[in-house]
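One structure is given below, encoded as structure tokens.
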Amino acid sequence: MSRYQPIYDIASLCVRKGITNVVLSPGSRCAPLTLAFARHKKITCRTISDERSAAFIGLGMAKKTQIPTALVCTSGTAVFNYAPAVAEAFFSKTPLIVFTADRPAEWIAQQDGQTIFQHGIFGQHVKASFQLPQDYSHPDSVWAINRIVNDAINLAMQEPKGPVHINAPFREPLYPETNEDITYTDAITVRNLVQAEPVLSRSTRKQLAKELSNYNKILLVGGQQHLEAPAIQFIGQVCQKQNLPLLGDVISNLHGIDNLIRHSDLFLGQANEAIKKSLQPDLLITFGESIISKNVKLFLRQFPAHAHWHVQAGGVPADTFQGLTKVIQTEATEFFDFLDKLETTENFERQKQSNYQKLWEVEERKTLRCLEKFFPHKDLAELELVHELIQALPDNCDLHLANSMSVRYANFIGLGAQKKNIEVFSNRGTSGIDGCTSTAVGNALVSNKPTIFFTGDMAFFYDRNAFWHNYPLPNFRVVVLNNHGGTIFNLIDGPSSLPETGEYFVTHQTLSAKKLCEEFGFDYLKIDNRRKIKNMLKDFFDFDNSTKILEFESAHSLNKTIFEELKKKIKQQYEP
């Protein structure tokens with residue numbers, strides 16, 4: 001038996017626990033783990049040389065499949081390159097199993113190559129850090145390796161899901177002998193996790209119903225979550241039945257609900273104090289993760305509800321609106337089942353709730369009409385192109401949104417109920433631009449649907465190593481909004497008025513996606529006027545087994561001017 005047999009058996013254990021996607025980065029110290037995964041017939045391995053990109057690609061796979069992706073890298077600074085994706089996984093509650101090869105403990109800080117302090121390197125950004133034994137021959141070590149990997153995988157999948165780190169020190173020789181076979185032990189111990197389903201007891205439901213009866217203006221806000229079509233449909237039915245206004249931005253994946261309030265970010269940013277006061281809730285109920293809209297956050301902080309309930313299955317909740325009063329530890333569908341079964345007797349109090357729902361719907365309809373009248377604008381800018389792209393999206397696709405303005409543009413436009421089969425993804429755990437492209441690439445590698453990615457130029461070029469690998473992406477489409485800098489700094493309060501903005505915040509750059517397409521053999525399309533849009537989008541969404549990148553170049557000043565015009569149009573609705 002090979003001295004690395006317990007390490008080789010890690011691959012078999014991962015398979016038995018449902019993990020079949022592994023992202024490897026080349027290195028020598030990780031050879032035992034690399035060979036273990038690469039030679040297992042039930043595992044799909046992909047080699048990504050840039051560890052930062054590799055980790056985000058693994059993250060994209062896990063976001064799509066909701067099953068952990070295993071990452072493997074060599075020792076030293078390679079490990080640090082995983083950190084941005086690990087942090088995003090932690091805050092977006094995405095499961096990753098992060099294997100990092102290491103030198104033996106006695107060689108740490110002894111000027112040995114590729115040696116740093118690796119155990120616990122990710123700090124609080126992992127659910128736990130585990131250290132494998134250095135000795136693989138003693139029966140206790142064999143037992144410990146199996147136990148640790150079982151525990152790590154179970155913890156990654158336990159609510160709230162997230163990344164775990166397994167540091168594995170290896171002694172030389174790292175490679176098997178010539179002609180030595182790598183085999184997997186049949187009788188390995190698998191410890192499966194059976195998670196309890198948090199249900200609301202009869203007494204809890206009775207108490208919640210009693211408390212709910214004290215409120216006449218109940219508002220629901222859904223944060224980022226996966227698209228679960230039956231659950232979304234049920235949530236919509238309950239909200240309509242109980243006259244509950246529901247706010248959900250583009251990353252909430254609630255867009256399949258007909259009466260969803262999609263454009264609250266736009267109208268809450270322009271509405272007067274009287275309108276906001278009328279929309280102030282008595283009770284706020286939230287579920288899901290983060291929201292995009294700063295205006296919704298400001299509204300709910302400045303016009304707080306008397307009580308705020310948050311629904312989540314496990315973990316420590318965030319108090320985003322600074323008024324959290326109750327945490328209901330259950331799945332959203334269980335809570336909506338409770339709401340569905342509430343008595344709906346028609347009376348004066350119920351009429352108050354119905355009137356409150358209508359107030360939100362009126363503002364939503366006014367904003368939607370304003371948007372519809374605003375396009376087409378005499379000048380073509382990024383916002384209008386995103387509007388056209390969203391209208392043209394295939395009915396059944398995955399939509400990835402890069403951070404900064406891309407996700408905000410999409411949120412301003414919104415997805416209608418007719419786009420209910422589109423699932424939206426975005427790295428909103430940490431909201432960084434550093435791995436947005438790689439995350440979308442990871443999705444494309446494991447999805448059987450088209451993957452469409454909207455990105456700005458800064459996020460796109462920052463993460464160009466997302467394409468530095470040998471794997472085809474036939475159903476991947478990228479839209480690059482290239483304004484040759486960071487438009488968001490011209491729009492948000494603060495930097496937009498500073499004389500230093502142009503040099504130190506906007507980050508002027510002269511790159512074009514055309515050269516990248518030539519380098520990687522992608523199809524390049526460019527929109528430079530409105531007349532080209534219809535035919536260009538038809539070509540862009542023709543899935544003919546090639547990767548396509550559509551670029552639109554525009555000026556900061558134009559994008560800012562048109563967005564300010566839209567806000568002015570909406571604000572005029574609230575002026576006497």
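Take region 214-303, compute every pairwise Cα distance, and split them into 5 Å bins from 0; I just need the percent in each bin.
3, 14, 26, 26, 19, 10, 3, 0
Where in region 110-132 does the label zone of ARG147 land, with the point 7 angstrom along Cα→C-beta and an amide N cut-off under 19 Å?
Answer for region 110-132: 128-132.
For the chain, what does -39500 (n - 2.57) per DSSP helix run (n ≥ 4), summed and divided by total residues, give at 222 nm, in deg cm²/dmol to the nearest 500? Could the numbers behind the result be given before it?
Details: 22 runs with 227 residues, N = 576.
Computed mean residue ellipticity for the chain: -11500 deg cm²/dmol.
Using the number of other C-beta atoms within 10 angstrom as an exposure proxy, rank LYS276, LYS341 with the fewest first. Kindly include the intermediate steps, with their values, before the conclusion.
Details: LYS276 16, LYS341 11.
In order of increasing Cβ crowding within 10 Å: LYS341, LYS276.
Can you grab the distance from the C-alpha centre of region 212-265 to the C-alpha centre of region 386-447, Å, no decimals?
Taking the Cα centre of region 386-447 as reference, the centre of region 212-265 is 20 Å away.
What Rg and what Dmax come out for region 375-572 when only alpha-carbon atoms are used, in angstroms?
16.2, 53
For the chain, what are Rg and Dmax over the alpha carbons, in angstrom?
In order Rg, Dmax, the Cα atoms of the chain give 25.6, 85 Å.
Expressed as an acute angle from 0 to 90° and rounded to the nearest 10, what is the orientation of the C-alpha long axis of helix 382-392 relative to the principal long axis of the chain?
80 degrees
Between GLN66 and ASP395, what FRET efficiency follows from the Cβ-Cβ distance if R0 is 22 Å, with the result rounded to 0.05?
Details: r = 22 Å, r/R0 = 1.01.
About 0.50, to the nearest 0.05.
When VAL407, VAL15 are ordered from fewest to most other Cβ atoms inside 10 Å of their Cβ, what list results?
Working: VAL407 26, VAL15 16.
The most exposed by this proxy come first: VAL15, VAL407.
Ranked by Cβ crowding within 10 angstrom, fewest neighbours first, how are LEU399, LEU445 ordered?
Sorted ascending by nearby Cβ count, the order is LEU445, LEU399.
With labels modelled as points extended 7 Å from the Cα through the Cβ direction, what inter-label distance (nm, one decimal) is found for GLN134 paired with LYS373?
7.4 nm
Between beta-carbons, use under 12 Å as the cut-off and find the net charge around ILE292, counting Lys and Arg +1, Asp and Glu -1.
That works out to +2.
Calculate the FRET efficiency for LYS241 and THR77 from the Cβ-Cβ distance with a Förster distance of 60 Å, rounded to the nearest 0.05.
Values: r = 56 Å, r/R0 = 0.93.
So, using R0 = 60 Å, E works out to roughly 0.60.
Quick check: residue separation of THR507 and SER28 times 0.36 nm, minus the Cα distance between them. What number comes out in nm?
168.7 nm
Rounded to the nearest 0.05, what FRET efficiency do GLN195 and ILE116 give with R0 = 41 Å and r taken as the Cβ-Cβ distance? Could you check? Mind showing how you got there, number by number?
Values: r = 36 Å, r/R0 = 0.87.
Efficiency, from the Cβ-Cβ distance: 0.70.
Every read-out reported here was derived from the displayed coordinates using simple, explicitly stated rules and does not represent laboratory data. The structure presented is a predicted model; accordingly, all values stated were derived computationally and were not measured. Note: ideal-geometry Cβ built from the backbone for every residue, glycine included; neighbour counts use all protein chains shown.
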